[in-house]
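Scroll down for the structure; my scribbles are underneath it.
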Amino acid sequence: MHKIHLGMFAVILSVAVPFAFAESDHAKTITECEAIYPELETLGKAKFLQRYAHHPDIRSCLTLYNDITWFSEGSDRTDRLIALLGEPIVKKPVRDRFEQTSNIPSWIKDDATRWQQGKERDNIFSYGIRFLINSKMIDAPIGLSDQPRCMSDQICVSKNHYIKYSIKDTTSQDVTNLTHTFGTPGNTIAISSTEITKKDKRQDNFHIDSDGLIDHTKQYYSFVHKTSIKIGTTIDSKYPITTTGEVIFPFKNQQRDAMIAWDKTKQYQEVIDKNTGIVLFAKYNDRIKKTEWSAELTDTNAFSEEIQIQYNGMRIPSWFKNPVKWWTEGRISDSEYISSINYLLKNNIMQI
């Protein structure tokens, strides 16, 4: 009996000990990534990658930085980051929109495989095609089906649209739930505000003008910005910020095309929805006072109307899953696959 128990114990150790060491290694990797992350904010991605190109954990760090969990302040943050590092990269694709490449990134093939197998919807598959177009690998004169609903250089809201945020401030150690509901768009837009904390509930009404200025003040509204937004766009917000790159940002069950913007001190950051100008996430990190403020979008009805437009306009023929399967299985080349997409887009057989 003792031998059986010892044998079972040995088996348990053979599984549990390597797992424990792996988890410990992942925790060390996370600590290392946190140590160098401020330099990413200060230097920008290009210079940061030049400096740390040969760092042993750089690929793991980039995987973590591209996931929303990195910005989380929840008690389970470390466990979730460890879980990310424990998954094979092919199962957790990093959609790096800063990367300029002449090859098709692996995450596009991963998404295409899952779409062909019926595990992803058309809009997920379309992200890869858009990336190929933006990277100039596909040159097709097409009209994307989800062009912004709003005119350029306008704040993109409609009557009764609302945005809700969870706001955290380390100085007060409290969480504020903020809701803003918009009135009829025009030269001025009325906003009804409700702030709820553990101790208080406050309601207020104010207006912003067409430039985003609050009630004839010099303070700019910081939760929705004018469209359209491109890399290099300067935006008047809580602080003056400039967009530096594109990301795909997860919001509920959606993947939103978004822009990253920083102030000149690299202490204030916003992630802004590209189509609507709504701020998805914002963070201010005061390195001198060692304080942090963050706001995360938790709910809105402003995307629902736009999503309907996307699905109504998108057109991907179901039979195209056969060429996708041939490509993912290596039966046709990358160039043949790109040529087939190019033909479908130019002849209006496919619309993304």
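Nothing in this text is a laboratory measurement; each read-out follows from the coordinates by a stated rule. It should be emphasised that the depicted structure is a prediction, and the values quoted were computed from it without experimental measurement. Note that we place each Cβ from the backbone using ideal geometry, even for glycine, and neighbour counts take in every protein chain shown.
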Residue pairs, from the table K136/K321; K230/K346; K136/K159; K164/K321, whose Cα atoms sit over 27 Å apart:
K136/K159; K164/K321
Multiply the residue gap between K201 and N347 by 0.36 nm, knock off their C-alpha separation, and tell me the result in nm, one decimal place.
46.9 nm
Run the numbers for K325 and T69: contour at 0.36 nm per residue of separation, minus the present Cα-Cα distance, in nm.
89.0 nm
So the label point goes 7 Å from the Cα of K159 along Cα→C-beta, right? Which residues of region 202-217 then have their backbone N under 18 Å from it?
206-208
Inter-label distance for S172 and S304, nm, one decimal - labels placed 7 Å from Cα along Cα-to-Cβ:
2.9 nm
Applying a 10 Å radius around every beta-carbon, put 260-273, 194-207, 327-340 in order of their mean neighbour count, most first.
260-273, 327-340, 194-207
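If I stretch the segment between R114 and T234 completely, what's the gain in nm (0.36 nm per residue apart, minus their alpha carbon distance), one decimal? Walk me through the intermediate numbers first.
Details: separation 120, 0.36 × 120 = 43.20 nm, distance 3.79 nm.
Here the segment from R114 to T234 would lengthen by 39.4 nm.
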